[in-house]
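First the structure, in the form of structure tokens, and then the observations on it.
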Amino acid sequence: MKAAVIVFPGSNCDRDVAVALEASMGAKPLMVWHRDTELPQVDLIAVPGGFSYGDYLRCGAMAAHSPIMREVKARAEAGVRVLGICNGFQVLTEAGLLPGVLMRNSGLKFICRDVHLRVEDSETDFCRQYQCGEVVRFPIAHAEGNFFADDETFRAIEGNGQVAFRYCTPDGGFDPAANPNGSLGNVAGIYNEKRNVLGLMPHPERLAEDLLGGSDGKRMFDSLVEALS
Amino acid sequence: MSNITPEVIAQHGIKPDEYQRILEIMGREPNLTELGIFSVMWSEHCSYKSSKKWLKTLPTTAPWVICGPGENAGIIDIGDNQAIVFKMESHNHPSFIEPYQGAATGVGGILRDVFTMGARPIANMNALRFGDPSNPKTRHLVAGVVAGIGGYGNCVGVPTVGGETNFHKSYNGNILVNAMTVGLADKDNIFYSAAAGVGNPVVYFGSKTGRDGIHGATMASAEFDEKSEEKRPTVQVGDPFTEKLLIEACLELMATDAIVAIQDMGAAGLTSSSFEMASKGGLGIEMDLDSVPMREEGMTAYEIMLSESQERMLMILKPGKEDVARAIMDKWELDFAVIGVLTDTGRMVLKRHGQVVADLPIDPLAQASPEYDRPWVAPAKPPVVLAEDVPAQCPIEALKTLLACPDLASKRWIYQQYDHMVMGDTVQRPGGDAAVVRIHGTPKAVAITTDCTPRYCQADPHEGGRQAVAEAYRNLSATGAVPLAVTDNLNFGNPEKPEIMGQIVEAIRGMGEACRDLDFPVVSGNVSLYNETQGTAIQPTPAIGAVGLLDDVSRHTTIAFKDAGNAIVLLGETKGWLGASLYLREICHREDGAPPPVALHRERRKGELVRQLIQDGLVSACHDVSDGGILVAVAEMAMASEGLIGAALDH
Amino acid sequence: MKAKVHITLKTGVLDPQGKAVQHALGSLGFDGVRDVRQGKFIELDIAEPDKAKAREVVEQMCRQLLANTVIENYSIELE
Amino acid sequence: MKAKVHITLKTGVLDPQGKAVQHALGSLGFDGVRDVRQGKFIELDIAEPDKAKAREVVEQMCRQLLANTVIENYSIELE
């Protein structure tokens, strides 16, 4: 599998995603600077977390206009797998590759802690090593993760089964206390209709090694290597 | 009639005797720009004039110390050609005026002190002291400071992995915001600030200069009075996004051989950075202020030299390397300008609009800043208070009260606003005795802690100074790490009062004894004085930041109980010391009595024993006994455990 | 030419900040606050002297970057 | 009563957001953007019918919560 990690000014999880990908791929992904306009042939494009452009104006608003994003959009339309984590998810919604928007957390504060997520669909390249309905533990670290979409868009997302992960209780139930940021339908991550683009607010790359407190995240990278190698 | 009137001199915080020294050094009357330069260079914040004499008594050497106090940060050798660069700094006064920006720019400033030496920042911590929670301003200050630390640190992408927070009414008018940064560098690629090479270009890069925080340096040591509310829009505003670009651009440039010397623009901005670089190199410097990138029109030489706009750096490049540096700064979209050249005159010559606006000798000013031997009175030793002197109370009720008090209550609501996991090396998260952060790509890790018990330092500064260092030593050993070195942030009241000066002298004497006996040298630090409002001073707070090394990170130990059935072993004698204790304060509402004495040789032996037991894999959990005593320590170990493992104390 | 741009959330779009401010005002003792909406106010200084052209340029800036037209409205005033 | 509050940074206070937006507009091909300042625009619906009283209440809201009076100015319009 060949993978590229996009680096914007202000991205700060680019190295973390590269480390997690390398652990599963056995090779280093390409680090691609946001001002480049060419993108080599790759099977996966990762848009990492961080504070691209300082999260100024709207999270991901300016990064979505970076030169490289035209190429990322073209590849996504052509079916290349695109994984947007945290700020990456925000960039993908601003770039129109994923529906909806990430608003300010309902509690207005930045939150950094582990959360439980229910896997809603395991028949995709991103989640094939998880069971459908399985509860996993990933950490979140954001101030704007409150997923919102207007009624019509949200009905389409639910209708097409595009929800990838929902915030839940440790035993898989749903409860307002388990929803850290007020997201509609407890949505933590969604696919596009073709299921080749995934955006999620939690950070799988941060719990992909037991020494750091857990490895539920590793299986997402293993899933991708298994599907795309 | 020159505009240097006695009022203008006083306004600049310069005492009459100091002004006489200026006249001797200059050989003439200074103009306003020159006077401004003297005022910031000789402010308490930059010159340490009241504490310098005593700071020299602290031990600063050991086989593993590469660079001690005097540079931007301290440096220690951790083997495999790697070094740890760290320091602590305070932004107390700006944070009281504008908590969010005050705290945020504090984090930005300490980050720059570390990466200017060639180290990638790998962890941040902060030691905070606020007033009584019932004080109306406290809630606003806490919310602002925590949001500012998180807002800046999270955006820059350096994990904030821990710290400590205390509340006491003595901080009502003077909160303390001490920020610490730890960085990782290659041992053979460390950068210092001594300028070298007559004719080499002096280069400015980073953000543009505005009228931010002019007189921030002198304000840092001006005692607060009711008028301080008026010091308004000159508050410094930080831009963490530009700081992240600065970190990446600096480290990318440092991988080339273009840099001769480099220094961040901290307190007193362009003045202190240019002066220190020139004076350390024994050279002169000529700068054309017209070429300084500016954000506002019509800035005078005075404003440019004293501005404390954030996210700016000054460096000396090798000849012909300007283009290499400019290309990297353009990539990272940072301002870049050659603003001057090194000379052999030993003088600082500034030009503005084609005219010389300042011409001062560098060495006499940089080195000859006053050093005071202020009168001091050692505080009286308070009486001993033991358990039998205090009415007993049901232990469980006492435990509930203690665990609910602001000093001991869980600080999760604070550190969950900080990204403590970014960079993927946080092995031990906030809430334990020390944070443990892996050295990326190696089996090694550093343990980091900040410690100080202001109650003890108030009761007996000498014993309090010893205890602060000893507790940091214990917290590092509790994770299995070998304690290596210390940075400090000495926060005290007005040194012109003998009893406050006595606190400073005694606390430094105590710290020195503990650092010497525990082989735990001081490699960097900061002093913040005049923390006093309308005559009432803060509790003496010599905050200690300490770093230790774990050769094998898989052996690190946490405070959480792991399995039922494990034996709980207490090391050390229990003598029932209750003087200046949290028990006495929270339950008996008394703040008197002597703090527990620190037996340094026993601290050292116990530390070595604990580390050996952990090394041998015999220890499943380890916690130092501090505020609240044994019962609180055991309760904290139980609450941290998965599955809430309990404990029976029945032997 | 000075341009003042107001960017506000479309009705029906969730406004977490507005709700939180309303709640905070209540706890400060300001009762009678029926609704709070928070938006952005951007002031631009642009070199274009002609009003019509300036409006067209700022219009484009809003559509391309300043506003997320999926959930936000924008209004432009020129001086 | 409808109240519109504008909250802007005091002159001379650095506006990192404005700086970044100005830069982004430049890289999108909008040249001639001399300055960009970003502030907040808050719309309040309050029960107070009398204009003078309403202004007084909103004034207090701004000083206590809506504006950080150390680095921000506020202006109030009532309808």
> Assigning unit charges at the beta carbon (Lys, Arg +1; Asp, Glu -1) and nothing else, what dipole magnitude in debye, to the nearest 20, does the stretch D:2-78 show about its Cα centre?
Replying inline: 120 debye
>> For chain A, what is the number of Lys pairs with C-alpha distance below 19 angstrom, counting only pairs 8 or more positions apart or on separate chains?
In response: 5
> Using θ = phi - 60° and the Karplus form 6.51 cos²θ - 1.76 cosθ + 1.60, what ³J(HN,Hα) does each residue of the stretch B:160-166 get, whole Hz, x for Gly and Pro?
Replying inline: 9, 9, x, x, 8, 9, 10
> By how many degrees, between 0 and 90 and to the nearest 10, does the Cα long axis of helix B:99-115 differ from the longest principal axis of chain B?
Replying inline: 80 degrees
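Between C:Asp31 and B:Leu644, what is the FRET efficiency for a Förster distance of 45 Å, r being their Cβ-Cβ separation, to the nearest 0.05?
E between C:Asp31 and B:Leu644, to the nearest 0.05, is 0.60.
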> How much of the DSSP beta bridge set in the protein assembly as shown is antiparallel, as a percent to the nearest 5?
Replying inline: 80 percent
> What distance in nm separates the simple spin-label points at B:Val356 and A:Arg155, each placed 7 Å from Cα in the Cβ direction?
Replying inline: 8.1 nm
> Helix D:16-27: angle to the longest alpha-carbon principal axis of chain D, degrees 0 to 90, nearest 10?
Replying inline: 40 degrees
> For the stretch C:2-78: lysine pairs with Cα atoms under 21 Å, gap of 8 or more or different chains, count?
Replying inline: 9
> For the stretch A:1-63, what mean projected area does the convex hull of the alpha carbons give, in nm²?
Replying inline: 4.1 nm²
>> Can you report the principal axis dimensions of the stretch A:3-228 using only the alpha carbons, biggest first, rounded to whole angstrom?
In response: 45, 37, 32
>> Give the separation of the Cα centroids, the stretch B:363-426 to the stretch A:150-229, in Å.
In response: 42 Å
> Distance in nm between label sites at B:Val198 and C:Ser75, each 7 Å beyond Cα in the beta-carbon direction?
Replying inline: 6.8 nm
>> Sequence gap at least 6, Cα distance under 8 Å: using those rules, report the relative contact order of the stretch D:2-78 to the nearest whole percent.
In response: 51 percent
> In Å and whole numbers, how far do the C-alpha atoms of the stretch B:249-355 stretch along each principal axis, longest first?
Replying inline: 35, 33, 26
>> Can you tell me what percent of all Cα-Cα pairs in the protein assembly as shown are more than 52 Å apart?
In response: 19 percent
> Using alpha-carbon pairs under 8 Å, 6+ residues apart, how would you state the relative contact order of the stretch B:52-190 in percent?
Replying inline: 34 percent
> How much space per residue, in cubic angstrom, does the convex hull of the C-alpha atoms of chain B take up?
Replying inline: 144 Å³
>> How charged is the neighbourhood of D:Gly26? Take every other residue with its Cβ under 14 Å from the Cβ of D:Gly26, and add Lys/Arg as +1 and Asp/Glu as -1.
In response: -2
> For chain B, what is the mean residue ellipticity at 222 nm derived from helices alone (per DSSP H run of n ≥ 4: -39500 (n - 2.57); sum divided by total residues; nearest 500 deg cm²/dmol)?
Replying inline: -10000 deg cm²/dmol
>> Please state the shape class of the stretch A:42-174: rounded when a/c is under 1.5, otherwise prolate if a/b exceeds b/c and oblate if not, all from the C-alpha gyration tensor.
In response: oblate
> How many angstrom lie between the C-alpha centres of the stretch B:281-300 and the stretch B:314-329?
Replying inline: 17 Å
>> Please list, ordered by chain and number, the residues whose modelled amide H lies under 5 Å from the amide H of B:Ser528; skip anything fewer than 5 residues away on the same chain.
In response: B:Leu490, B:Asn491, B:Phe492
>> On a straight-distance basis, which lysines could pair with B:Lys53 in a cross-link, Cα separation under 17 angstrom, same-chain partners fewer than 8 positions away excluded?
In response: B:Lys497
>> As an exercise, use a Förster radius of 56 Å and the Cβ-Cβ distance of A:Asp175 and B:Gln367 to find the FRET efficiency, rounded to the nearest 0.05.
In response: 0.30
>> Take B:Glu7 and A:Trp33, extend 7 Å from each Cα along the Cα→Cβ direction, and tell me the distance between the two endpoints in nm.
In response: 5.5 nm
> For chain B, what's the relative contact order in percent, using C-alpha pairs closer than 8 Å and at least 6 residues apart?
Replying inline: 17 percent
>> Nearest 10 degrees is fine. How inclined is helix D:51-61 to the longest principal axis of chain D, computing both from alpha carbons?
In response: 60 degrees
> Which shape class, rounded, prolate or oblate, goes with chain C when its Cα gyration tensor gives a ≥ b ≥ c as root eigenvalues, a/c under 1.5 marks rounded, and past that a/b bigger than b/c marks prolate?
Replying inline: prolate
> Cα to Cα, under 16 Å, and not fewer than 8 places away if on the same chain: which aspartates and glutamates meet these conditions relative to B:Lys280?
Replying inline: B:Glu71, B:Asp264, B:Asp344, B:Asp363
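In what sequence, largest accessible area first, do B:Leu550, C:Leu28, D:Leu28 appear using a 1.4 Å probe?
C:Leu28, D:Leu28, B:Leu550
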>> As an exercise, use a Förster radius of 41 Å and the Cβ-Cβ distance of B:Asp132 and B:Ile396 to find the FRET efficiency, rounded to the nearest 0.05.
In response: 0.95
> What list of ³J(HN,Hα) values in whole Hz, one per residue of the stretch A:159-169 in order, does the Karplus curve 6.51 cos²θ - 1.76 cosθ + 1.60 (θ = phi - 60°) give from phi, with Gly and Pro shown as x?
Replying inline: x, 7, x, 7, 6, 9, 9, 10, 5, 8, 7
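Taking a ≥ b ≥ c as the square roots of the Cα gyration tensor eigenvalues, with a/c under 1.5 meaning rounded and otherwise prolate when a/b beats b/c, else oblate, which class fits the stretch B:314-461?
oblate
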> Over the stretch B:483-628, one equal point on each Cα, no solvent: what is log10 I(q)/I(0) by the Debye formula at q = 0.09, 0.14, 0.19 Å⁻¹?
Replying inline: -0.40, -0.92, -1.35
> Pulled fully out, how much extra length does the chain show between B:Glu297 and B:Asp323, if you take 0.36 nm times their separation in residues and subtract their Cα-Cα distance?
Replying inline: 6.6 nm
>> Using the Karplus curve 6.51 cos²θ - 1.76 cosθ + 1.60 with θ = phi - 60°, what ³J(HN,Hα) values do you get for each residue of the stretch D:32-41, in whole Hz, with x for Gly and Pro?
In response: x, 8, 6, 7, 9, 10, 10, x, 10, 10
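The values are calculated or read from the model by the stated rules, or taken from the named source; none is laboratory data. Predicted model only: the values in this text are computed from it and were never measured. Neighbour counts are summed over all protein chains in view; Cβ atoms, including those assigned to glycine, are modelled from backbone coordinates with ideal geometry. These area figures cover heavy atoms from the full protein model, side chains too; ligands, DNA and RNA do not enter into them. Shrake-Rupley method; radii C 1.70, N 1.55, O 1.52, S 1.80 Å.
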